[in-house]
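**Q** Handing you this structure, nothing more for now.
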Amino acid sequence: MKNNRTDYGYFRVAAAVPGVNVADVTANVAAIVKQIDEAWNNGVKLLVMPELCITGYTCADLLGNDALLDAAERAIMILAEHMRQRDMMVIVGAPLRHAGHLFNCAIAIHDGRICVVPKTYIPNYKEFYEKRWFASANHVRGQQSIVVGGEEVPFGPDLILDMGAARIAIEICEDLWVPVPPSSIAAINGANVIVNLSASNEVVGKHSYLVDMIRHQSDHSIAAYLYASAGYGESTTDLVFAGNAIIAENGVIMREGKRFTTTPQQILADIDLEALENERRINGSFADSLLQHKRNYRHIAFATSPANYSEMKLERTLRSLPFVPTNDAQLSARCEEIVSIQSMGLMRRMDFVGIKKLVIGISGGLDSTLALMIAVRAMDGLNLDRSGIIGITMPGFGTSGRTHKNALKLMEALGVTSLEISIAAAVEQHFADIGHDKSVQDVTYENSQARERTQILMDYANKVNALVLGTGDLSELALGWATYNGDHMSMYNVNGSIPKTLAKHLVMWFATEAMEHSHSPISLTIHETLLDVLQTPISPELTPADEQGNIKQVTEDIVGPYELHDFFLYNMLRHGYGPSKLHFMACRAFSGKYSSVTIKQWLTVFMRRFFSQQFKRSCLPDGPKVGNVSLSPRGDWRMPSDTCSALWIKECNELPE
């Protein structure tokens, strides 16, 4: 299971827009060579450049002139020689003659070896009239080769170029714009990196459509998509070319170059082939597509060695908070959507069972606060009186004045029913019944309090015909940081797929909303109370406070920072990464905040707890799925409770200090 590769599943790619001068092949080759050398110096494995960049796209009827076509072929051989002894593939565009036709081609060159892929869809409408010169790849379906510089090389639209784990397919400009692009079929048949050599001119509104199309194509294909389009230097007789360079991966635009620049440009990114492979494995519908769209592609293998990313800067954005959008506007919209999912799920459950009341344990902490806010929204949505929400504070041996005060203030401001039931006497009686010394503050001491609180909530809900609303979140479920048959259990849990890092932003969203929609004293109280909840240390409050009444039992001091655990959780479940890659990524995502040793420590804790606490996740109450990472045993995560964690712990122990 240990990832012994130095590349960690990454593959460095680049899209470049070199300088071009129409029909000046010598100058164009020199410009291409500059881009090749820059990419090589940056550790790039795959470089793509625009359609017909060797001659220029706008040569028009000169494309029928042998002088230009001969020069283009000689240029390919010059580039092939330049690429010798280089473990990098460059893909450039040029016109080539074959079997009585002229083809608009992509020429792939690696260490002097050449492969050629012709364009399939030849546009001949509006400003395009390529059929005047070019034939479609449909003319050469089947096993084909072409002679370039006196050498016979693979030729055809059925080529997939293999560089280690990268399986590269090529399409050219218009190929992307048709109902079923060649890249869709190639992806279904195994290609995971798609390159597009383009010469798409600019008109108003076209660019945003193009970017969306590239993003969606990479998403539908579960692949990386590299796009390079003609730029400054092409003829402006009728058209203008802005020089687009775009790299996308699985629905995300990773890098995008500048448009309308007069200078050459190159963008690069490290795509994650391991994540793409895992996504394809778990997406059964993608695999089933092969039943209808299987083709006989020719795989051309190129020898390559893995990059050593321990010595390279990672050209990829690693989000330290993967559950939380980075854009403020997007974050606000996402919070609104999440809250709607949570409240809608709760509304339907209440409506179905015919219950009009909710019972919630309100501690004044983050999770119960979020659950309370969702409950209020659900009751409002059902046109039910908020007094039907019965919030119960249950002070015990570790309850602090701060959390108790916040719980009472928030319930009063929201207009819900507030009850207080101390658990101290009941727990002390329980200690006496089982013969436990109260001075021994062990797991029995803590869990007895959690279970007493749950018993109160369940029994009171039975008394008033209400649902007990759970408050535990996804991060706690991942770590097993919940008392089995205590706060682990409820009748419906709206927070079950909300990680701790996201819960903070949801509560902040409620705090902001309180002030944006009203400036009344009640709204101000809600706003200020929610802010104070966010500033309160996360704690189960099961052991006594210090001499000043402050929380002494801080959860993150015991199990580790939730931002690290949420990072591990997301990337392990979403992408199937093992400890080595998780550690590598976390060291970069949290550079300057946590040391490699600290990350290793908490990653080991995460793995131990995640595996050992599965039994708690195997019997979770119902609750709405919110994001693409969830631990519900009814669909999202199924694992035997007695799974051995030895492989994962061993890999953690072998991580560098």
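The values are calculated or read from the model by the stated rules, or taken from the named source; none is laboratory data. Everything quoted here is computed from the prediction, not taken from an experiment. For neighbour counting, all protein chains shown are included, and Cβ atoms are generated from backbone atoms with ideal geometry for every residue, glycine included.
**Q** Are there any pairs with C-beta distances below 8 angstrom linking a residue in the range 310-326 that is within 19 Å of residue 253 (Cβ to Cβ) to a residue that is in a helix (DSSP H, G or I) and acidic (Asp, Glu), with the two at least 6 apart or on different chains, and if so which?
**A** Close Cβ pairs (under 8 Å, with a partner that is in a helix (DSSP H, G or I) and acidic (Asp, Glu)) amount to 322/566.
**Q** Right, here's the next one. For the structure I just gave you, tell me whether residue 194 is touching a residue at least 40 places away in the same chain (Cβ under 8 Å), of a type in the set (Val, Ile, Thr) and in the same structural domain as residue 247 (by TED's automatic domain parsing).
**A** No.
Residues checked against (1) in the same structural domain as residue 338 (by TED's automatic domain parsing); (2) assigned to a helix (DSSP H, G or I); (3) closer than 30 Å to residue 404 by Cβ:
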position: 544; (1), (2), (3): yes, no, yes
position: 548; (1), (2), (3): yes, no, yes
position: 592; (1), (2), (3): yes, no, no
position: 600; (1), (2), (3): yes, yes, no
position: 604; (1), (2), (3): yes, yes, no
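**Q** Might you check whether a residue that is at positive phi and in contact with a helix residue (DSSP H, G or I) (Cβ under 6 Å, 6 or more places away or on another chain) occurs anywhere in the range 586-603? Break it down into steps so the answer makes sense when it comes.
**A** Taking the range 586-603 first, the residues at positive phi are 592.
Add one more test, that the residue is in contact with a helix residue (DSSP H, G or I) (Cβ under 6 Å, 6 or more places away or on another chain), and what stays is none.
No, that holds for no residue.
**Q** Taking the range 632-649, which residues are within 24 Å of the chain's Cα centre (by Cα) and surrounded by fewer than 16 Cβ atoms within 10 Å (Cβ to Cβ)?
**A** Within the range 632-649, 633, 634, 635, 636, 638, 639 meet the criteria.
**Q** Let me ask another. Sort through 51, 81, 73 and tell me the only one that's charged (D, E, K, R), in a helix (DSSP H, G or I) and in contact (Cβ under 8 Å) with a residue 60 or more places away in the chain.
**A** 73
**Q** Out of curiosity, is residue 578 more than 18 Å from residue 365 (Cα to Cα), surrounded by fewer than 20 Cβ atoms within 10 Å (Cβ to Cβ) and either touching a residue at least 40 places away in the same chain (Cβ under 8 Å) or in the same structural domain as residue 472 (by TED's automatic domain parsing) (or both)?
**A** Against the criterion (more than 18 Å from residue 365 (Cα to Cα), surrounded by fewer than 20 Cβ atoms within 10 Å (Cβ to Cβ) and either touching a residue at least 40 places away in the same chain (Cβ under 8 Å) or in the same structural domain as residue 472 (by TED's automatic domain parsing) (or both)), residue 578 qualifies.
**Q** Could you give me the residue pairs with C-beta distances under 8 Å whose first residue belongs to the range 593-611 and is in contact (Cβ under 8 Å) with a residue 40 or more places away in the chain and under 16 Å from residue 647 (Cβ atoms), whose second residue is hydroxyl-bearing (Ser, Thr, Tyr) and surrounded by fewer than 18 Cβ atoms within 10 Å (Cβ to Cβ) wherever it lies, and which are 6+ apart or on separate chains?
**A** 607/645; 608/645; 610/645
**Q** For the range 154-190, which positions are under 21 Å from residue 289 (Cβ atoms) and assigned to a strand (DSSP E or B)?
**A** Scanning the range 154-190 gives 159, 160, 162, 166, 167, 168, 169, 170, 171.
**Q** Do you know which residues across the range 24-54 are touching a strand residue (DSSP E or B) at 6+ places or on another chain (Cβ under 8 Å), among the polar types (S, T, N, Q) and surrounded by fewer than 24 Cβ atoms within 10 Å (Cβ to Cβ)?
**A** 42
**Q** OK, next. Since residue 337 meets every condition but one in (1) part of a helix (DSSP H, G or I); (2) over 29 Å from the mean Cα position of the chain (by Cα); (3) not polar (S, T, N, Q), which condition does it not meet?
**A** (2)
**Q** What is the number of the single condition among (1) without any contact (Cβ under 8 Å) to a residue 60 or more places away in the chain; (2) crowded, with 22+ Cβ neighbours inside 10 Å; (3) closer than 30 Å to residue 604 by Cβ; (4) not basic (Lys, Arg) that residue 416 does not meet?
**A** (3)
**Q** Please specify each residue of the range 191-229 satisfying the condition of being surrounded by 22 or more Cβ atoms within 10 Å (Cβ to Cβ), outside any helix (DSSP H, G or I), within 26 Å of the chain's Cα centre (by Cα) and not aromatic (Phe, Trp, Tyr).
**A** Matches in the range 191-229: 191, 192, 193, 194, 195, 196, 223, 224, 226, 228.
**Q** Evaluate the range 495-503: report whether one residue or more is among the small types (Gly, Ala, Ser) and out of contact with any helix residue (DSSP H, G or I) (no Cβ under 6 Å at 6 or more places or on another chain).
**A** Yes.
**Q** Turning to a different aspect of this structure: Please state which one of 432, 461, 407 is assigned to a helix (DSSP H, G or I), of a type in the set (Gly, Ala, Ser), closer than 20 Å to residue 346 by Cα and at pLDDT 95 or above.
**A** Answer to the selection: 461.
**Q** When you go through (1) under 22 Å from residue 533 (Cα atoms); (2) in contact (Cβ under 8 Å) with a residue 40 or more places away in the chain one by one for residue 464, which number turns out not to apply?
**A** If we test residue 464 against (1) under 22 Å from residue 533 (Cα atoms); (2) in contact (Cβ under 8 Å) with a residue 40 or more places away in the chain, just (1) comes out false.
**Q** For the range 588-631, give me each residue that is surrounded by 16 or more Cβ atoms within 10 Å (Cβ to Cβ), under 20 Å from the mean Cα position of the chain (by Cα) and of a type in the set (S, T, N, Q).
**A** Within the range 588-631, 630 is the sole residue that qualifies.
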